[in-house]
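Data first, discussion second: the structure below is written as structure tokens.
The values are calculated or read from the model by the stated rules, or taken from the named source; none is laboratory data. Here the structure is a predicted model, which is why all the values come from computation and not from measurement. Note that each Cβ is placed from the backbone with ideal geometry, even for glycine, and that neighbours are counted across all protein chains shown. With ligands, DNA and RNA removed, areas are computed over all heavy atoms of the protein, side chains included. Shrake-Rupley method; radii C 1.70, N 1.55, O 1.52, S 1.80 Å.
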Amino acid sequence: MTYAHPNGNGSITAVGTTMESYYGKPIVKEPVWKAEIPWYLFMGGVAGAASVLHGLARVTGNHRLARSCLYIGAVADAVSPVLLISDLGRPERFLNMLRVFKVTSPMSVGSWILVASSGASNTAAALEGLGILRPVKWLAEAASFVTGPPLATYTGALLANTAIPVWSEARDELPWVFGASAAASAGAAATVFTPADAAGPARRAAIAGVAVELGLVQAMERKLGFVGEVYRQGEAGRYGRVSKLCTAAGAGLLALRGKRSRAAAVTGGALVLAGELALRWSVFKAGFQSARDPRYTVRPQKERLQKKGARR
Amino acid sequence: MSALAEPTGAPAAWPNTYGDEAKPRMGFFTDTTVCIGCKACEVACKEWNLIPEDGLEWSGLSYDNTGELSANSWRHVAFVEQAKPLKLDGELATADGGPEPLRWLMESDVCKHCTHAGCLDACPTGSLFRTEFGTVVVQEDICNGCGYCVPACPFGVIDKRDLPRSPDDAPLALPLLGKKEDGRVWKCTLCYDRLKGGHEPACAKACPTDSIQFGELDELRGRAQKRLEKLEAEGWNGPRLYGEDPDDGVGGFGAFFLLLDEPEVYGLPPDPVVPTAQLPRLWRTTALAAAAVTVGIAAAFLGGRE
């Protein structure tokens, strides 16, 4: 008699191959991060790229745009640590993040970047609002400009430096995707809060950011191959479709009517922001989905072993 | 630079940082061919380490009601029922017309105490550290529950504990942000406290068949090689060592295994690689992307003075 286990003890089929597993159970653990993290990925992106927009607007003498970007960046920079601390299992120990600096840990490096960026942009915003200590404000603005770009892209390294298949296999793309998404988000936010005649650079950053990001996401999903199918499934797929739809519609609206119509600028900016938030959620959820199914862990590793064997 | 060294050889910064206090690297050799699935290791581990009970449910998956390694299970016995012969020939193999072959594999899984540990590299607080024995341990008074080590482990070992914190715990410094669960990460310490006292870990002590063998890693590797050769000579079906190779993706395990089938059959990754192995390149990508964000936004300022 053949002993047939009710749970099928293990054989699972992936495209074209049969693989064994332990009752189909996951091999890597799903992340334990909660909703705060995708919100932070979004907010950190807004904060980082807004600092760049602000600095360049200041230098080019566009003070109206500079001011709104400074405040947008400061608010996003102030919300970010609150989100991160709220996600900790022991929030009262958040200062332990600053016990050490570890280049092997994107979480450690990122904590220091966020402290620097958040401190700088909020100092600058406070001094701007009070209209005092201008030299200190300039220094803070410069510091915010320098720490902004790494704040926008390190989150890509944060996710990629894990054993989560859909994140680690996208290590060459995630920092770029998040960088483009950050530029689009900050540009869109500035477009919402700045009169159209001063918002030109922000509008163009939003439109170009969306265009570049749509291409990068496409490239990432194609390169991920088998593992990339999670981006077409479940919540990751739904958030991904919402993201593509909103960012494309928003960028289109900004490009066509953003200069002339205030309503179009606000609607377009809001659509891009919603789309970028959805993108972060899509990537976040894809990580969970790829961890849950052992095929995504086993198959790339088996292929790697085969390649290694062939080389020997 | 040792912090981002290639994942081979000795663990970064160990044992040099310990000076005179350094000890030989200790580990486990888990020989699954003699495991009888008694789960004494699971029980001894829970008792010695005061691990809370985390559910008493029947899984229906052979005799495995523990399910997986987790914050509250630091040893986990896997039970695999297979229609495969235990030996390739002889009385335990199936002759034509004989009964269906059947073998029941049992494997006591545990933290691998990797030479290059993803969890340790990822930890932003320094809570995870390498002991003088070369093992990887969480300092629970420092862990702030960021959870980054959880997805950084290629084996899904370390996990966050979500059980209620004890009523005796000190009040929270920030009550508004306080949470109801323990909130920290937990995993096998290779019984760091017992090692310090010169004892073997609780699971190895309790194992009645010496499936779990504790000792100096170098010695265990030699012992495992001999055992493998013996099993091969006796015609066992599929014996192989898993994690004994210092040239694998995590620089070799401190706790390695003798298996009778592919690792994934036991729920283990076939080719684990520490995420940090790719980090130098990942940091370069991140820096390039950051520069591109600046240049791209600058281009938006040149884009037109309409």
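Return yes when A:VAL266 is more than 14 Å from chain B (Cβ to nearest Cβ) and in a helix (DSSP H, G or I) and no when it is not.
Here the answer is yes, as A:VAL266 does meet what is asked.
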Filter segment A:89-115 down to residues that are more than 19 Å from the chain's Cα centre (by Cα) and over 20 Å from B:ARG284 (Cα atoms), then give me how many there are. 12
Counting just the residues of segment A:32-41 that are under 16 Å from the mean Cα position of the chain (by Cα) and either outside any helix (DSSP H, G or I) or more than 10 Å from chain B (Cβ to nearest Cβ) (or both), which one comes out nearest to B:GLY296 (Cα to Cα)? A:LEU41
Evaluate segment A:92-104: report whether one residue or more is among the acidic types (Asp, Glu) and over 18 Å from A:GLU36 (Cα atoms). no
Only strands (runs of 3 or more DSSP E) wholly contained in segment B:98-142 count here; list those with 2 or more residues that are within 10 Å of another protein chain (Cβ to nearest Cβ), closer than 21 Å to B:ILE51 by Cβ and modelled with pLDDT of 95 or more. B:103-110
Tell me, yes or no, whether segment A:284-291 has at least one residue that is of a type in the set (A, V, I, L, M) and within 25 Å of A:GLU36 (Cβ to Cβ). yes
Residues that are crowded, with 16+ Cβ neighbours inside 10 Å and not small (Gly, Ala, Ser), drawn from segment A:230-261: A:VAL230, A:TYR231, A:TYR239, A:VAL242, A:LYS244, A:CYS246, A:THR247, A:LEU253, A:LEU254, A:ARG257
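Yes/no matrix, rows are residues, columns are (1) within 18 Å of A:LEU139 (Cα to Cα); (2) open to solvent by 10 Å² or more (accessible area, probe 1.4 Å); (3) without any contact (Cβ under 8 Å) to a residue 12 or more places away in the chain; (4) more than 11 Å from chain B (Cβ to nearest Cβ):
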site: A:TYR23; (1), (2), (3), (4): no, yes, no, no
site: A:GLU30; (1), (2), (3), (4): no, yes, no, no
site: A:MET43; (1), (2), (3), (4): no, yes, no, yes
site: A:VAL52; (1), (2), (3), (4): yes, no, no, no
site: A:GLY61; (1), (2), (3), (4): yes, yes, yes, no
site: A:ARG64; (1), (2), (3), (4): no, yes, no, yes
site: A:LEU70; (1), (2), (3), (4): yes, no, no, yes
site: A:GLY73; (1), (2), (3), (4): yes, no, no, yes
Looking only at segment A:159-170, how many residues end up being in contact (Cβ under 8 Å) with a residue 12 or more places away in the chain and open to solvent by 10 Å² or more (accessible area, probe 1.4 Å)? 2
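Can B:LEU279 be described as open to solvent by less than 10 Å² (accessible area, probe 1.4 Å), more than 18 Å from the chain's Cα centre (by Cα) and of a type outside the set (Asp, Glu)?
For B:LEU279, the condition - open to solvent by less than 10 Å² (accessible area, probe 1.4 Å), more than 18 Å from the chain's Cα centre (by Cα) and of a type outside the set (Asp, Glu) - is met.
Yes or no: segment A:213-233 includes at least one residue that is on the phi > 0 side of the Ramachandran plot, at pLDDT below 95, outside any helix (DSSP H, G or I) and in contact with a helix residue (DSSP H, G or I) (Cβ under 9 Å, 6 or more places away or on another chain).
Within segment A:213-233, one or more residues are on the phi > 0 side of the Ramachandran plot, at pLDDT below 95, outside any helix (DSSP H, G or I) and in contact with a helix residue (DSSP H, G or I) (Cβ under 9 Å, 6 or more places away or on another chain).
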Check segment A:283-300 and report whether any residue there is part of a helix (DSSP H, G or I), modelled with pLDDT of 95 or more and more than 14 Å from every other protein chain (Cβ to nearest Cβ). no
Matching entry among A:VAL227, A:VAL212, A:VAL192 (being more than 19 Å from the chain's Cα centre (by Cα) and open to solvent by 10 Å² or more (accessible area, probe 1.4 Å)): A:VAL192
Count - residues of segment A:151-193 that are within 8 Å of chain B (Cβ to nearest Cβ) and touching a Lys or Arg at 6+ places or on another chain (Cβ under 6 Å): 1
List pairs: first in segment B:280-291 and more than 7 Å from chain A (Cβ to nearest Cβ), second open to solvent by 10 Å² or more (accessible area, probe 1.4 Å), Cβ under 6 Å, 6+ apart or cross-chain? B:PRO280/B:LEU4
Return the only residue of B:GLY254, B:GLY235 being open to solvent by less than 30 Å² (accessible area, probe 1.4 Å), more than 13 Å from chain A (Cβ to nearest Cβ) and over 27 Å from B:PHE129 (Cβ atoms). B:GLY235
How do the pairs read when you match residues in segment B:39-63 that are open to solvent by less than 100 Å² (accessible area, probe 1.4 Å) with residues anywhere that are among the acidic types (Asp, Glu), using Cβ under 6 Å and keeping only pairs 6 or more apart or on different chains? B:SER62/B:GLU81
Only one of A:TYR22, A:TYR40, A:TYR71 is of a type outside the set (Asp, Glu) and touching a Leu at 6+ places or on another chain (Cβ under 7 Å); which? A:TYR40
